[in-house]
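The next block holds one structure in the form of structure tokens; read it before the comments.
The values are calculated or read from the model by the stated rules, or taken from the named source; none is laboratory data. Not measured: the values here are computed from a predicted model. In this analysis, Cβ positions are derived from the backbone assuming ideal geometry, glycine residues included, and neighbour counts consider all displayed protein chains.
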Amino acid sequence: MSAPEDAGSGPSTGPGPVDGTACGCDEAVERLWEYVDSELGDLDQKRVQAHLDECAPCLEEEHVEVVLKQLVRRCCQEEAPAALRLRIREQLTVLRQRAGAEPEA
Ligand SMILES: [Zn+2]
């Protein structure tokens, strides 16, 4: 008579909501476009923003290029429209400035 206990319960539960408000890199990247386009719900919007605030790699332009390619592929186009690139860059610039804002003495 032994009750099987789940001994494999660890911190790695795969993709999903983590404790707190910030989401993971994968989710942030996946939702970047929706975020830029203000299509996310209030909660998701906050989670993505919370992540971007703390995760520099997600704000790197190189990373953005990868995201753009994924997005474009999903949309069955070959190249990201210039307007789309510009829009995401602008949003990221704002985010970067916000994240790196230091009080100047
Ligand atoms: Zn990240």
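Within segment 41-53, the set of residues being more than 14 Å from the ligand (Cβ to nearest atom) and either β-branched (Val, Ile, Thr) or surrounded by 12 or more Cβ atoms within 10 Å (Cβ to Cβ) (or both) comprises Asp44, Gln45, Lys46. Filtered by the rule that a residue be surrounded by 15 or more Cβ atoms within 10 Å (Cβ to Cβ) and under 21 Å from Arg98 (Cβ atoms), segment 54-84 gives Cys55, Cys58, Leu59, His63, Val64, Val67. Cβ-Cβ distances below 9 Å connect the following pairs, each with a first residue in segment 87-98 that is among the acidic types (Asp, Glu), a second residue that is part of a helix (DSSP H, G or I) and at pLDDT below 85, and a separation of six or more residues or different chains: Glu90/Val36.
Quick grid of which residues meet (1) at pLDDT 75 or above; (2) of a type in the set (Asp, Glu); (3) at positive phi; (4) within 12 Å of the ligand (Cβ to nearest atom):
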{"residue": "Glu5", "(1), (2), (3), (4)": "no, yes, no, no"}
{"residue": "Ala22", "(1), (2), (3), (4)": "yes, no, no, yes"}
{"residue": "Glu39", "(1), (2), (3), (4)": "yes, yes, no, no"}
{"residue": "Cys58", "(1), (2), (3), (4)": "yes, no, no, yes"}
{"residue": "Gln70", "(1), (2), (3), (4)": "yes, no, no, no"}
{"residue": "Arg98", "(1), (2), (3), (4)": "yes, no, no, no"}
